[in-house]
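So the structure is just underneath, and the comments pick up after that.
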Number of protein chains: 2
Amino acid sequence: MVGSYGPLPSPGERPFIVEVRRGAQVESRHAVIAAVVDADGRLVAGWGDVESIIFPRSSNKAFQALPLIESGAADAAGLSNAEMAMACASHGGEARHTETVAGWLGRLGLDHTALECGAHWPYHEETARDLARAHALPTALHNNCSGKHAGMVTVAQHLGEALQGYVSPDHPVQRRVTAVIEDVCGVRLLPDAFATDGCSMPTMALPINKLAYGFARFVTGQGLAPERAKAAKRLAAAVLAEPFFVAGSGRFCTAVMQAGGGRFIAKTGAEGVYTAASAELGLGIALKVVDGTARAAQTALGGLLEYLGLLDNAARDELRPLVEPVLSNWRGLRVGDIGLEPAY
Amino acid sequence: MVGSYGPLPSPGERPFIVEVRRGAQVESRHAVIAAVVDADGRLVAGWGDVESIIFPRSSNKAFQALPLIESGAADAAGLSNAEMAMACASHGGEARHTETVAGWLGRLGLDHTALECGAHWPYHEETARDLARAHALPTALHNNCSGKHAGMVTVAQHLGEALQGYVSPDHPVQRRVTAVIEDVCGVRLLPDAFATDGCSMPTMALPINKLAYGFARFVTGQGLAPERAKAAKRLAAAVLAEPFFVAGSGRFCTAVMQAGGGRFIAKTGAEGVYTAASAELGLGIALKVVDGTARAAQTALGGLLEYLGLLDNAARDELRPLVEPVLSNWRGLRVGDIGLEPAY
């Protein structure tokens, strides 16, 4: 494999495009709004209206996990790097994921019934089929957010707060998370910004450039209170030490952090969101595929990481099957591919 | 439930928009290009560039099935309405689907190994899990295109052509299909138009308005040779008699034709395509969600059918859960919905 992804078009007022190609034709097109922001809030590069309001969804789980560290709950519970990574994860529900969360809850004297995220079949397809083959049903442990929820329960228990109802916007756990997001991203969240995420927890809409700004501050610590900066660095280190626990087999968050060799963190969010951040460059990245499609978000992130010089040749080739996937049909024949729209 | 879907904005140069809403915000947006064309080729209504080139994918399976009727193969094989509907289907792989195709092939002295579509897990999730629970693997019968492929094999056998390789663009079966599409849609397909579909068969790119034109001719017979017009009407009647076999439980193609009570046919295609046609109005409809997302295509088709007066109040309310779906999270809480962008 040779050559760069893309390259991206020059930054500007227009979103960039991810193409889905079949034969000699472009079959579908995804518009991507993206912002690269430094820890002073300067827009280093932007495509499209970077003040567009989006829901970060799971892309800011690392922010939501800050109280777990800051409160001392993580230390009190003796959390491992893998467990802290799971507090920031959208995992595939593989056995190593569910066993890790179950073990963590077990040390607190709890089990999956303490989690208020609901159950869904594991994202990891073979795991889902194995579950069906065993005539079993998924539990809250298989929910991709179970690690985040375990983190919230851990905080509530540590601080002597009610465990039940920790997903409610009025619960101290959620009020704390809201305050953290407002602080880290430099925003004031008004009532209209609040909605409910797939896992029943609040998700708060904010501008794309503010989300990127928050991640620049998260990885550099710049402008954050010392305890918060320290907690952020600890979470970033945990995620980089255990990228499998952030997503799983075949998943882009895991693969891109493994290929990056510690140069950046990255996290997907539902509806075509991706965030990333590099302490080395002092930059945060946030992107939104306007139509909400995940396949375009990972291609877009690959292009942005390359634009910023964060992928060496080996990393680029290793990630190519996920950034520029070949589309095969049910018999395994190549029928097309996905990639950045060529710049003309 | 009250009120219309939408309504759609006035036809014009701009695509219309399907919104995905969460809380008080629009989370994702899908642009839709659509054409409504009569059997003389007149554009009755269009949104966006209706000459955009798209792959119809499975949305034109009814055209691909015409040789099955015209050749006499359907009669020789004694095909039922359900079997003819399956020749035009993208089915969910439910037991009634796979058993119907298996029975049909059995009468020809064949089985699933004659089908060159490849295997995939059934789209119908409970059926897929039941298969896993039985420690079984999917076969070509479960492929959503198995009925179309059975139709092609039936033609080849009837005409004494090689069964093996019937998916190849050079096989007489495919050359016949190409000629049919060129005739029905009034296009000349150049080499760049040909690509490979998910089921290994050729798919041919053509303008959206020509696809709509083809469907207007298909349901009216206007401008087609008498034998072709007759075959088209027979397929349309089979599809309307047995809509379950075109898609299946919980699927929009089946539901919309059931709700329409015979006033129109409708068919989905991969990557956000939908076609429909009304003999009563003499109109064909084709639409493409620019980003290829299926969820927006069915909302868009609902809006178009209503625009054309093809849904009465009962049909509109019956289809609302699919056209304007409420988005629930893993615990069943309402978090948002999908619908046409309100016209201002």
Worksheet item: Which whole number gives the average count of other chain Cβ atoms within 10 Å of the Cβ atoms across peptide B:270-278?
Response: 1
Worksheet item: Using Cα atoms only, what is the angle between the long axis of helix A:313-323 and the major principal axis of chain A, expressed in degrees (0 to 90) to the nearest 10?
Response: 80 degrees
Item to complete: Could you list the chymotrypsin sites (Phe, Trp or Tyr not before Pro) in segment B:29-138 that lie in coil according to DSSP, counting only those with at most 15 other Cβ atoms within 10 Å of their Cβ?
Response: none
Worksheet entry | Relative contact order (percent, whole number), segment B:80-187, Cα cutoff 8 Å, 6+ residue spacing | 28 percent
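Please compute the average number of Cβ atoms from other chains found within 10 Å of each residue's Cβ in peptide A:282-291. Let's see the in-between values first.
Values: counts 0, 0, 0, 0, 0, 0, 2, 2, 5, 14.
So the per-residue partner count for this stretch is 2.
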Fill in: With at most 14 other Cβ atoms within 10 Å, longest stretch of chain A clear of loop trypsin sites (Lys or Arg not before Pro) (DSSP)
A:189-344
Worksheet item: Just the accessible area for B:Thr113, please: 1.4 Å probe, Å², rounded to the nearest 10?
Response: 110 Å²
Fill in: Using a 7 Å Cα-to-Cβ projection, A:Gly250 label spacings across copies, nm, ascending
2.0
Worksheet entry | Relative contact order [Cα under 8 Å, 6+ residues apart], chain B, whole percent | 26 percent
Discussion item. For chain B, take the longest principal axis of its alpha carbons; what is the angle in degrees between that and the long axis of helix B:294-307, to the nearest 10 within 0 to 90?
Written reply: 70 degrees
Response to the item:
Longest principal axis of chain B (C-alpha) makes with the long axis of helix B:208-220 (C-alpha) an angle, in degrees to the nearest 10, of 70 degrees
Worksheet, complete the sentence: One decimal, nm, nearest first: from A:Ala314 to the same residue in each other copy, label points 7 Å out along Cα→Cβ, the values are 6.9
Worksheet entry | Label geometry 7 Å along the beta-carbon vector: A:Gly109 inter-copy distances in nm | 7.5
Discussion item. Which cysteines in the protein assembly as shown lack any other cysteine whose Cβ sits under 4.7 Å from their own Cβ?
Written reply: A:Cys88, A:Cys185, A:Cys253, B:Cys88, B:Cys185, B:Cys253
Discussion item. Run the numbers for B:Asp111 and B:Asp192: contour at 0.36 nm per residue of separation, minus the present Cα-Cα distance, in nm.
Written reply: 25.7 nm
Practice prompt. Subtracting the Cα-Cα distance from 0.36 nm times the residue separation, let me have the gained length for B:Ile53 to B:Glu280 in nm, one decimal.
Written response: 79.0 nm
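Using a Förster distance of 22 Å, how high is the FRET efficiency between A:Ala294 and A:Ser10, based on the Cβ-Cβ distance and rounded to 0.05? Could the numbers behind the result be given before it?
Working: r = 26 Å, r/R0 = 1.18.
Once rounded, the FRET efficiency stands at 0.25.
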Response to the item:
Among A:Lys288/B:Lys267; A:Lys267/B:Lys288; A:Lys288/B:Lys210; A:Lys230/A:Lys267, the pairs whose Cα-Cα distance exceeds 22 Å are A:Lys288/B:Lys267; A:Lys267/B:Lys288; A:Lys288/B:Lys210
Fill in: Total formal charge among the other residues, if their Cβ is under 14 angstrom from that of A:Gly118, Lys/Arg +1 and Asp/Glu -1
+1
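Charges at C-beta only: +1 for Lys and Arg, -1 for Asp and Glu. How large is the resulting dipole of segment A:44-97 about its Cα centre, in Debye rounded to 20? Display every interim value, and only then the final one.
On the way: 3 positive and 6 negative charges, 32 e Å.
Magnitude of the dipole: close to 160 debye.
Compute, for segment A:159-244, the length of the dipole vector about the Cα centre, with Cβ point charges of +1 (Lys, Arg) and -1 (Asp, Glu) only. Units Debye, rounded to 20. Numbers along the way, then the final one.
Details: 9 positive and 8 negative charges, 73 e Å.
Around 360 debye, computed over segment A:159-244.
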Worksheet item: If you put +1 on each Lys and Arg Cβ and -1 on each Asp and Glu Cβ, how big is the dipole of the protein assembly as shown around its Cα centre, in Debye rounded to 20?
Response: 120 debye
Worksheet, complete the sentence: Filtered hits (aspartates and glutamates, Cα-Cα < 12 Å from A:Lys148, offset >= 8 within chain) -> A:Glu83, A:Glu116
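The values are calculated or read from the model by the stated rules, or taken from the named source; none is laboratory data. In this text, all values refer to a predicted model and were calculated from it rather than measured experimentally. When we count neighbours, we look across all protein chains shown, and the Cβ atoms used for this are built from the backbone with ideal geometry, even at glycine. Remember, those area values only see protein heavy atoms, side chains included, never the ligands or the DNA or RNA. Shrake-Rupley method; radii C 1.70, N 1.55, O 1.52, S 1.80 Å.
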